[in-house]
Each structure stands twice: as structure tokens, then as C-alpha cells.
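Reviewing the structure listed below.
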Amino acid sequence: MTKQVKILFSLGIFLIIAGLITNFTMSFSADKEEVSKRMKKVDKTYEIFKREASNFSTTRDNLYDNVFAELYFETLNLSINNCLIELEKYEQKLDEMAKIAEELKESCGDIYFPEADTNNKCQTYALSYEEMVNYFMNDIVQVNQNIEEYNKYNEENQTGIAPLQKYNTTKKYIDFNNDKEYAGKEDF
């Protein structure tokens, strides 16, 4: 009976070890598959982000060329309505970017991927999005400062021109990649 117990005991240990090895192999394979899916999602979403970032940049360039270039102190009361409408469109573009950035943030997480290209995309989108939001805020601050100066001038000189309304937004400067720096932020 002792020999049978030893054989059964050895067989039991062997089966336990085989089960642990199988479990480890299956878990490793599932993790590898999950990482591969996340990398593909990052690649796909980053391409959308890149395209939308280009559209955002074009919108900003058009705003500077066609709207801000027409804002003169003397005629600000005539051109401000168009400016505020265009700033709303500009903010809507930024809102579209926020959705894509959140999707990338979720996909990238705090993971170090086996491919450097994917890691670079995760770093690049975060810095780019941070700059976009902070550029937007710079533009809003600048427009609102011009409106404040215009209103102050008209009040001091009693011109009778009604004060202009500033552009209101709930957005603030951000540090999206948590590096303790606000990329793109300017101090006025």
C-alpha cells in the first residue's frame, strides 16, 4: 500500500504542476492577445486623432487669418459677433478632440507596450492635446483682454457704446500628461 500511495502522491503532484503550467501559459497568451488588441486600438485611434488635430490646426489658422486679422480696436463692436460665432466653432473642434483624447487615454493607460511606435503615439497624443487646449485658452484670454480694454476705453471716454460681452467657456488650462508643465500656455 505504501508503494501505491507514493505513486498516487507523485501522480497528484505531477498533475498539479501540469495544471499550473497550463494555467500560466493560457494567462500569458491571453495577456499577450489583450496587449495586441490595445496596440491596434491605439494605432487606429491615433490616426483619427492625427487627422482631427490637423483639422483643429486648420481651424485655428483660419481663425487667425480671417477673424482675428479683422479685429480692430476702432471697429471691434462691429466685428465681435462674427468673432464669437467662430470661437464657438473653434471650441466645438476642441470638444471633438477631447473625445478622441479620452479614448486614447483609456487605451494607453499606464501600460508600456512592447512596440516603441505605440509608446510614442501614447506620449505624442497627450502632449499634442495639452497644447491644443492651452492654445485655445491663450486665444480666449487674448480676445477677452481685448474686449476688456475696449469696454474700459469706452467707459472712460463715455462714448455711449454698449459694453461688449466676453467669450465664456468652462475650459481651463490643462496639464493632460501630468508632467507639471502646461505645454502651449502663454503668460499675458
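The values are calculated or read from the model by the stated rules, or taken from the named source; none is laboratory data. In this text the structure is predicted, and so the values were computed from the model without any measurement. Positions of Cβ are generated from backbone atoms using ideal geometry, with glycine treated the same way; all protein chains shown enter the neighbour counts. Accessible surface areas use protein heavy atoms only, side chains included; no ligands, DNA or RNA. Shrake-Rupley method; radii C 1.70, N 1.55, O 1.52, S 1.80 Å.
Quick rundown of the values:
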quantity: Portion, in percent, of the accessible area of segment 43-188 that falls on carbon or sulfur, probe 1.4 Å; calculated: 46
quantity: Sites K166 and T58, calculated FRET efficiency, Cβ-Cβ separation with R0 25 Å, nearest 0.05; calculated: 0.45
quantity: Accessible-area ranking of T118, T170, T124, largest first, probe 1.4 Å; calculated: T170, T124, T118
quantity: Residue-averaged [θ]222 nm for the chain, counting only DSSP H segments that reach four residues, each worth -39500 (n - 2.57); calculated: -26500 deg cm²/dmol
quantity: Axial C-alpha extent at least 24 Å, average Kyte-Doolittle at least -1.0 - helices from the chain (DSSP); calculated: 2-62, 76-108
quantity: Accessible solvent surface per residue of the chain, calculated while the other protein chains remain in place, 1.4 angstrom probe, Å²; calculated: 68
quantity: Separation of the V35 and N144 label points, Cα + 7 Å toward Cβ, nm; calculated: 4.5
quantity: Cβ-placed point charges (K, R +1; D, E -1), dipole of the chain about Cα centre in debye, nearest 20; calculated: 1600
quantity: Whole-Å semi-axes of the chain's equivalent ellipsoid (Cα gyration tensor); calculated: 61, 15, 11
quantity: Difference of contour (0.36 nm per residue) and Cα-Cα distance, A98 to D187; calculated: 29.7 nm
quantity: Per the chain, cysteines lacking a partner by the 4.7 Å Cβ criterion; calculated: C83
quantity: Entries in K37/K121; K50/K105; K32/K121; K105/K171; K152/K185; K93/K171 that, when Cα-Cα distance is taken, lie over 24 Å; calculated: K152/K185
quantity: Estimated distance in nm for a label pair at K180 and D65, the labels positioned 7 Å out from Cα along Cα-to-Cβ; calculated: 4.1
quantity: Cleavage-rule hits, GluC sites (Glu not before Pro), segment 96-188, DSSP coil, Cβ neighbours within 10 Å at most 13; calculated: E115, E181, E186
quantity: Gain in span if fully extended, K89 to D43, counting 0.36 nm per residue against the direct Cα distance; calculated: 13.8 nm
